[in-house]
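The values are calculated or read from the model by the stated rules, or taken from the named source; none is laboratory data. Since we're looking at a predicted model, the values are computed, not measured. Neighbour counts run over all protein chains shown; Cβ positions are idealised from the backbone, glycine included. To get the accessible areas, we keep the full protein, side chains included, count just its heavy atoms, and leave off ligands, DNA and RNA. Shrake-Rupley method; radii C 1.70, N 1.55, O 1.52, S 1.80 Å.
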Amino acid sequence: MAGKGTMTTRWTRKDLLGLRELSADEINFILDTTDAFKQVGTREIKKVPSLRGKTLVNFFIEPSTRTRTSFELAALRLSADVINISVTTSSLTKGETLKDTARNLQALHADILVLRHSSAGAPQFLANRLQASVINAGDGAHEHPTQALLDLYTIRERRGKIAGLRVAIVGDILFSRVARSNIFGLLKLGAHVTLIGPSTLVPKEFEKLGVEVSYKIEDVLPKADVVNLLRIQHERQRREYFPGILARSTAASRSTARSPTDCTASFSIKSPTVWQCAWLFFTSVEGSRDEPHNHSKRSNYRSRKQAR
């Protein structure tokens, strides 16, 4: 069942750690349940008693505004009690381990722990050691299941289905946990997925997941039904993965050879400014494969300094 329909399963898992481990029926169960709860946010009294008496802890080791606020608002509207903990206000700053901090929270009868962590596998680590439910709010470059579920819900709501759609995911795939969760969810629900970006950020290894990889955005956009644009994950990168943007931007602004390509996707890219930014990012990928570092001002500066 890849589109809307009656729920044919129930949620039996203690934790939500990623979409890779979920079945299509389980994903659809979450999306169908979301339909029922979406109207709550439009009511004058935005409350239902589904989580009354439960305590949810937002435990965010990485900075977050939108994700943490989303979890807090959702829990409050479901009548749960909510506690927010950040790394700067926790005992982690005094040397307490993640496991001990989580066990202390469980000893205080926390029922649900929402964890965001910079290390991949941290939610799984706690889920194996706690009786409380653990929800992964993003772990390193591994997965971000709730963001992907929101993307899937938006696509299904806008297009009426997911099966058979051609979805293009554009940007920093290598370091994106959102991209990985979207790939797993989209494939399970029957979509055709194409990843677009420089070869340094979209290795051919991703094809083993069942997706297509392209380095030419202009070849993919006209055929896409949905386009998902991702930001560059600078905080997870340790070196430069594509030619300097400033140099490409100057060249693109002076050139009128390229024009925006019309796209019929749900999240259309019809603005010349957006298109130029997208084209700018992926143009001349072939050159970046051979000399990925020679285009940066920093590298050129070092070369001149050594020559002296």
> Does at least one position in region 178-185 carry a residue that is open to solvent by 10 Å² or more (accessible area, probe 1.4 Å), of a type in the set (S, T, N, Q) and at negative phi?
Replying inline: no
> Which of (1) over 17 Å from VAL134 (Cα atoms); (2) touching a Phe, Trp or Tyr at 6+ places or on another chain (Cβ under 7 Å) does LEU92 not meet, given it meets every other one?
Replying inline: (2)
>> Condition first: buried (at least 20 other Cβ atoms within 10 Å of the Cβ) and part of a helix (DSSP H, G or I). Now tell me which residues in region 186-198 satisfy that.
In response: LEU186, LYS188
>> Pull out all pairs, ordered by first then second residue, where Cβ-Cβ is under 7 Å, the residues are six or more apart or on different chains, the first lies in region 56-72 and is at pLDDT 90 or above, and the second is of a type in the set (A, V, I, L, M) and assigned to a loop (DSSP other than H, G, I, E, B).
In response: LEU56/ALA80; VAL57/ALA110
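Are any residues in region 65-106 part of a loop (DSSP other than H, G, I, E, B), buried (at least 17 other Cβ atoms within 10 Å of the Cβ) and touching a Gly at 6+ places or on another chain (Cβ under 9 Å), and if so, which ones? If you could, list the steps in order and put the result at the bottom.
From region 65-106, those part of a loop (DSSP other than H, G, I, E, B) are 65, 78-80, 90, 95-97; that's our starting set.
Now restrict to residues that are buried (at least 17 other Cβ atoms within 10 Å of the Cβ): 78, 80, 90.
Scanning region 65-106 gives a single hit, ALA80.
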>> Quick check on my filter: what residues within region 159-177 are in a loop (DSSP other than H, G, I, E, B) and either within 17 Å of the chain's Cα centre (by Cα) or more than 21 Å from ASN28 (Cα to Cα) (or both)?
In response: GLY171, ASP172, ILE173, LEU174, PHE175, SER176
> What pairs come up if the first residue lies in region 22-40 and is free of Cβ contacts under 8 Å to residues at least 24 places away in the same chain, the second is surrounded by 15 or more Cβ atoms within 10 Å (Cβ to Cβ), and their beta carbons are under 7 Å apart, counting only those six or more places apart or on different chains?
Replying inline: PHE29/MET7
> Taking ASN136, is it closer than 21 Å to TRP11 by Cβ, modelled with pLDDT of 95 or more and assigned to a strand (DSSP E or B)?
Replying inline: yes
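In region 140-158, which residue that is part of a loop (DSSP other than H, G, I, E, B) and open to solvent by 20 Å² or more (accessible area, probe 1.4 Å) is modelled with the highest pLDDT? Walk me through how you get there before you give the answer.
Applying the first criterion (part of a loop (DSSP other than H, G, I, E, B)) to region 140-158 yields 140-142, 144.
Filter again for open to solvent by 20 Å² or more (accessible area, probe 1.4 Å), leaving 141-142.
On the way: ALA141: 85, HIS142: 92.
Filtering first and then ranking leaves HIS142.
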> Within region 199-231, which residues are in a helix (DSSP H, G or I) and aliphatic (A, V, I, L, M)?
Replying inline: LEU209, ILE217, VAL220, LEU221
> Give me the pairs: first residue in region 182-201 and over 18 Å from HIS142 (Cα atoms), second residue open to solvent by 10 Å² or more (accessible area, probe 1.4 Å) and polar (S, T, N, Q), beta-carbon distance under 9 Å, and six or more apart or on different chains, which are they?
Replying inline: THR194/SER214; ILE196/SER214; GLY197/SER214
>> Please pick out the residue among LEU51, LEU31, LEU73, LEU78 that is of a type in the set (A, V, I, L, M, F, W, C) and either under 21 Å from ALA122 (Cβ atoms) or out of contact with any Leu (no Cβ under 8 Å at 6 or more places or on another chain) (or both).
In response: LEU73
> Condition test on ARG129, is it surrounded by fewer than 21 Cβ atoms within 10 Å (Cβ to Cβ) and over 11 Å from the mean Cα position of the chain (by Cα)?
Replying inline: yes
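Return the total of residues in region 24-79 being under 26 Å from LEU108 (Cα atoms) and β-branched (Val, Ile, Thr). Even if it seems obvious, please write down each step before you answer.
Narrowing region 24-79 to residues under 26 Å from LEU108 (Cα atoms): 47-65, 67-79.
If we keep only those that are β-branched (Val, Ile, Thr) as well, we get 48, 55, 57, 61, 65, 67, 69.
Qualifying residue count, region 24-79: 7.
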>> Every residue in region 108-126 that is open to solvent by 10 Å² or more (accessible area, probe 1.4 Å) and touching a His at 6+ places or on another chain (Cβ under 8 Å), please.
In response: ALA120, GLY121
